[in-house]
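Worksheet for the structure shown next.
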Amino acid sequence: MTASYPALRMRRSRASAWSRALHRENVLTPADLIWPLFVTEGKGVEEPIGSLPGVSRWSVDGIAKQAKLAAELGVPCIALFPNTQADRRSDDGAEALNPDNLMCRAIKAVRDACGNDVGILTDVALDPYTNHGQDGLLDDAGYVVNDDTIAVLVDQAINQAEAGADIIAPSDMMDGRVRSIRMALEMGEHHNVQIMAYAAKYASAFYGPFRDAVGSGGLLKGDKKSYQMDPANGDEALREVALDIAEGADSVMVKPGLPYLDIVRRVKERFEVPTFAYQVSGEYAMIEAAAAAGAGERDALVLETLMAFKRAGCSGVLTYHAPLAAKLLSQ
């Protein structure tokens, strides 16, 4: 840079709204959002989630209505997570393979209601289906075994693809699961079903409200540190992402979001692939708590944090604030 004050006044381009808009480096639109939704049993059911103020579990018919709302708001994709009943949970998570489980019924209901107007992303992991709250199968010592878990995850992914899922999102963090799922999708002629890999998923303290929402929080025995990443590590995330891309992921995800924007930026710059982040339940709850306490204005906090994801390099963001953000952006 050769110019200096007063020849260069940085405030010139900020002096008016039209000029700020003209010089804006990043733009956030409803098309950048994915809306996570929680499914529960019943009909006409809406269950508010205490630790996620403003977020509810919906019965299948309600999920279909929320998906239609997403399409109306310009939100291109929803992400589904089931709250499986206790009597359908087991050591081996067998309910994940039931073609009539909550997830599959929700997928079909959304497809019937919306056609192809909204994309359907589905979570692949066993924690919503196990009675121990872990994402995989346990050995006698309580360790989550890798390869046997993958075999179940593959069948779970195919079950969801056959129900009509558009994007399979394995969140389990087992080694090699992306390759196995990709091969199974190809063999099953699900050639256009995408994989969005939870490639850098950290063993974070920000997941508590989500576990409440899917009913696994009170069941969890131990922790998930043997498969989710250490929050201290950044280089390791790049190795994880590289493996998932090589194994057939169409896009990758960093989770959580705001505390890991450095990882988002490194992933985007290194690999130049579609990179997403999950603004997780604890992040959402903190914004809601700040707004309720008068520590910040909700709308401004929501839009500023979402813009931070775009600035860091995200192609899109999974956020519980998606409907609010979409309404604000449409204004």
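FYI, it's all coordinate maths here, none of it is from the lab. Bear in mind that the values here come from a model prediction, so they are computed numbers and not experimental data. Heads up, the Cβs are rebuilt from the backbone with ideal geometry, glycines too, and the neighbour counts pull from every protein chain shown.
Evaluated at 20 °C with a viscosity of 1.002 mPa s, what Stokes-Einstein diffusion coefficient in µm²/s does the range 153-281 have when Rh comes from the Kirkwood expression over alpha-carbon pairs?
141
Note the full-extension length gain between residue 69 and residue 116 as 0.36 nm times their separation in residues minus their Cα-Cα distance, in nm to one decimal.
Result for the pair: 15.5 nm of gain on full extension.
Under a plain spin-label model, where a point goes 7 Å from the Cα along Cα-to-Cβ, how far apart in nm are residue 12 and residue 151?
Once both label points are built, they end up 7.0 nm from each other.
What is the dipole size for the range 168-264, taken about its Cα centre, with +1 at each Lys and Arg Cβ and -1 at each Asp and Glu Cβ, in debye to the nearest 20?
320
Which residues does the label zone of residue 91 cover in the range 107-148, counting backbone N under 13 Å from a point 7 Å along Cα→Cβ?
Residues 131-132, 137-143 qualify, since their backbone N sits under 13 Å from the label point.
Using only the Cα atoms, what convex hull volume per residue in Å³ does the chain have?
Per residue, the Cα convex hull of the chain comes to 154 Å³.
For residue 246 and residue 290, compute 0.36 nm times the residue count separating them, minus their Cα-Cα distance, and round to one decimal in nm.
11.7 nm
For the residue pair residue 191 and residue 203, what label-to-label distance in nm results when each label sits 7 Å from Cα along the Cα-to-beta-carbon direction?
Distance between label points: 4.2 nm.
Between 67, 184, 79, which gets the highest mean-square fluctuation from a Gaussian network model of the chain, Cα cutoff 10 Å?
Of the options given, 184 has the highest mean-square fluctuation.
Using a Förster distance of 30 angstrom, determine the FRET efficiency expected from the C-beta separation of residue 331 and residue 273, and round it to 0.05.
0.40
Compute the distribution of all C-alpha to C-alpha distances in the range 33-192, in bins of 5 Å from 0, and list the percent of pairs in each, rounded to whole numbers.
2, 10, 18, 21, 21, 15, 9, 4, 1, 0
How far is the Cα center of the range 311-331 from the Cα center of the range 120-192, in Å?
28
Go through 30-41, 15-26 and give me the packing order, highest mean Cβ count within 10 Å leading.
30-41, 15-26
Please give the charge dipole size of the chain, origin at the Cα centre, charges +1 on K and R Cβ atoms and -1 on D and E Cβ atoms. Round to the nearest 20 debye.
1880
Mind checking which of 84, 16, 118 is farthest towards the positive end of the chain's charge dipole, using Cβ charges of +1 (Lys, Arg) and -1 (Asp, Glu) about the Cα centre?
Farthest towards the positive pole: 16.
Of all DSSP beta bridges located in the chain, what percent are antiparallel, nearest 5?
In the chain, DSSP labels about 10 percent of beta bridges as antiparallel.
Could you give the nm distance between label points at residue 46 and residue 3, where each point is 7 Å from its Cα heading toward the beta carbon?
5.2
May I ask which residue of 214, 326, 131 lies farthest towards the positive end of the charge dipole of the chain, with charges of +1 (Lys, Arg) and -1 (Asp, Glu) on Cβ and the Cα centre as origin?
326
For residue 143 and residue 307, what does the FRET efficiency come to when R0 = 35 Å and r is the distance between their Cβ atoms, rounded to the nearest 0.05?
Here the calculated transfer efficiency is 0.25.
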